[in-house]
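> Below you'll find the structure I mean.
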Amino acid sequence: MKSKGYTVIELLAVVTILVTVTGIIAALITQTLRGSSRTNITNQVSQSGNYIASVLTNTIITAEDVIAINGETISDCTQNPTGSSIEFLISERRGSVIYACENDSISSNSASLQDEDSAAVSLIDTSKLKIDTSSPSACYFTCRQASNDPYTPPVIEFGFTLTQDLTDALYDSRDSAPFSTSVLMRSYAPK
């Protein structure tokens with residue numbers, strides 16, 4: 001007499017196949033979501049870093065002079081001073097602007113061009129990103145100029161490393177990127 005049901009072995013084989021297929025699909029979905037999250041984080045870090053670089057570049061191009069580096073007044077850049085802050089003279093009418101690597105950010109006092117009591121504001125969303133300010137070489141500004149000619153336009157070099165600042169994020173979902181460039185002061189007008 002033939003039975004019309006399934007044997008235990010046949011049921012176990014089907015369950016094993018279903019569990020294996022489900023595990024593979026779950027792994028693929030998890031990997032896809034991690035990759036998507038990683039891409040979003042990389043884009044956020046890249047866009048924010050490029051934004052900071054463009055703000056600094058635009059200021060350098062239009063500034064008339066470098067006033068101070070690290071809070072120390074300078075007359076020219078022939079000694080190639082370097083520091084974690086830099087002050088530019090935008091114009092006699094508009095005043096100056098200071099950029100500083102501090103409190104895990106690059107801050108600007110550009111709001112103080114209109115109001116002397118304005119505090120420095122960060123160029124990034126510090127709840128999500130931070131600038132590495134752990135050492136003087138991690139976030140810097142350098143002013144370079146020919147040593148024998150203080151009237152040539154200086155070249156301002158700056159660099160920083162931008163990192164995602166999520167303490168609860170998984171290691172593989174964090175990102176960090178270095179940014180650096182050199183910009184010629186096109187509107188340089190030494191006093």
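The values are calculated or read from the model by the stated rules, or taken from the named source; none is laboratory data. Fair warning: this is a prediction, and the values are worked out from it, not measured in the lab. For neighbour counting, all protein chains shown are included, and Cβ atoms are generated from backbone atoms with ideal geometry for every residue, glycine included.
> Would you confirm whether or not segment 28-36 contains a residue that is more than 13 Å from Thr142 (Cα to Cα), touching a residue at least 24 places away in the same chain (Cβ under 8 Å) and hydrophobic (A, V, I, L, M, F, W, C)? Please lay out each step first, then the result.
Of all residues in segment 28-36, those more than 13 Å from Thr142 (Cα to Cα) come to 28-36.
Imposing the further condition that a residue be touching a residue at least 24 places away in the same chain (Cβ under 8 Å) reduces the set to 34.
Now narrow it down to the ones that are hydrophobic (A, V, I, L, M, F, W, C): none.
Checked segment 28-36: no residue is more than 13 Å from Thr142 (Cα to Cα), touching a residue at least 24 places away in the same chain (Cβ under 8 Å) and hydrophobic (A, V, I, L, M, F, W, C).
> Go through segment 66-89 residue by residue and tally those that are surrounded by 16 or more Cβ atoms within 10 Å (Cβ to Cβ) and more than 16 Å from Ala120 (Cα to Cα).
Going through segment 66-89 one residue at a time, the tally reaches 12.
> Just one of (1) within 18 Å of Ala63 (Cα to Cα); (2) modelled with pLDDT of 90 or more; (3) touching a strand residue (DSSP E or B) at 6+ places or on another chain (Cβ under 9 Å) trips up Ser107, so point out which.
(2)
> Residues that are of a type in the set (S, T, N, Q), free of Cβ contacts under 8 Å to residues at least 40 places away in the same chain and closer than 30 Å to Ser176 by Cα, at least 2 per element: which strands (runs of 3 or more DSSP E) completely within segment 51-108 meet that?
Details: elements: 65-69, 85-91, 95-102, 105-108.
Counting at least 2 such residues, we get 105-108.
> Restricting to segment 56-87, give me the number of residues that are touching a Leu at 6+ places or on another chain (Cβ under 7 Å) and more than 11 Å from Ile98 (Cα to Cα).
Going through segment 56-87, the residues touching a Leu at 6+ places or on another chain (Cβ under 7 Å) turn out to be 63-65, 67.
When the remaining residues are screened for being more than 11 Å from Ile98 (Cα to Cα), the result is 63-65.
Count: 3.
> Hey, another quick one. Restricting to strands (runs of 3 or more DSSP E) lying wholly in segment 117-166: which have 2 or more residues that are under 21 Å from Val183 (Cα atoms)? Quick ask: steps written out before the conclusion?
On the way: elements: 129-131, 140-144, 155-164.
Filter on segment 117-166 gives 140-144, 155-164.
> Only one residue in Ile41, Ile24 is part of a helix (DSSP H, G or I) and touching an Asp or Glu at 6+ places or on another chain (Cβ under 9 Å). Which one? Before the answer, list the steps.
Numbers: Ile24 fails: touching an Asp or Glu at 6+ places or on another chain (Cβ under 9 Å).
The unique qualifying residue is Ile41.
> Here's a follow-up. Would you confirm whether or not segment 77-92 contains a residue that is among the aromatic types (Phe, Trp, Tyr) and under 16 Å from Thr142 (Cα atoms)? Can you show your working first?
Quick first cut of segment 77-92, residues among the aromatic types (Phe, Trp, Tyr) only: 88.
Checking which are under 16 Å from Thr142 (Cα atoms) leaves us with 88.
Checked segment 77-92: at least one residue is among the aromatic types (Phe, Trp, Tyr) and under 16 Å from Thr142 (Cα atoms).
> Something else about it: Please enumerate the residues belonging to segment 163-183 that are surrounded by 15 or more Cβ atoms within 10 Å (Cβ to Cβ) and modelled with pLDDT of 90 or more.
Phe179, Val183 - these are the residues of segment 163-183 that are surrounded by 15 or more Cβ atoms within 10 Å (Cβ to Cβ) and modelled with pLDDT of 90 or more.
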